[in-house]
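Quick notes on the structure that follows.
What follows draws every value from the coordinates through simple rules; no lab data is involved. Everything numeric here is computed off the predicted structure, so don't read it as measured data. Virtual Cβ from ideal backbone geometry, glycine too; neighbours counted across all protein chains shown.
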Amino acid sequence: MGFYDDEDNVETYVKMAEGYDGRELVAALRQHLPPGATVLELGMGPGKDLALLAEAFTATGSDRSEIFLRRYRRDHPDADLLLLDAVTLETERCFDAIYSNKVLHHLSVDELRKSLHRQVARLNADGLLCTPSGTARERRSITDCGLLIILQSRLQQFSAQNSKRLPASATRR
């Protein structure tokens with residue numbers, strides 16, 4: 001059982017996250033994607049960023065916690081949501097961008113490598129990854145946020161260079 005598979009832990013996180021969202025990151029992503037582009041949010045938690053993404057894009061939320069998904073669906077019954085682990089991304093769907101905020105820093109180096117391979121496999125041609133680098137305390141403004149947006153061609157290079165380190169199942173489309 002994971003930490004966010006417990007209702008009390010989810011409630012504690014929701015209260016702790018009050019007043020925080022990825023508004024600056026979503027604004028930066030809008031500069032790189034056309035309106036209506038498909039965006040997957042990895043690790044949506046309570047869904048604050050998903051709501052912001054849905055204002056400009058065709059947004060799909062995901063989390064490995066069924067509790068977060070159930071809570072969001074209760075208030076947004078038509079939301080497109082997937083039960084996904086940020087490492088394995090077990091879906092056949094592809095997206096124009098994959099957005100993650102406050103998620104990937106929880107992964108080990110090996111898990112992060114696997115996650116990036118799977119994210120590359122789930123992107124449409126010329127797709128983007130969008131995730132902040134650094135901690136929230138290090139990011140004082142959008143110019144300091146260390147926004148990471150990588151074009152598909154760069155990701156393919158990364159994938160080719162690192163594919164020997166992963167089992168074939170981790171890099172399949």
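Rounded, prolate or oblate: which fits the range 6-94 when a ≥ b ≥ c are the square roots of the eigenvalues of the alpha-carbon gyration tensor, with rounded for a/c under 1.5 and prolate only if a/b beats b/c?
Taking the square roots of the gyration eigenvalues as a ≥ b ≥ c, the range 6-94 is oblate.
Each label point was placed 7 Å from the Cα along the Cα-to-Cβ direction; for Asp110 and Val14 their separation is 3.5 nm. Proximity of backbone amide H atoms, modeled 1.01 Å from N, is registered between Ala59 and Val39 at under 5 Å, excluding neighbours fewer than 5 places apart on the same chain.
For the range 61-139, the gyration tensor built on C-alpha atoms gives an oblate shape. Its axis ratio a/c (a ≥ b ≥ c) is at least 1.5, and a/b is not larger than b/c. Rounded to the nearest 0.05, the FRET efficiency derived from the C-beta distance between Glu7 and Glu90 at R0 = 35 Å is 0.90.
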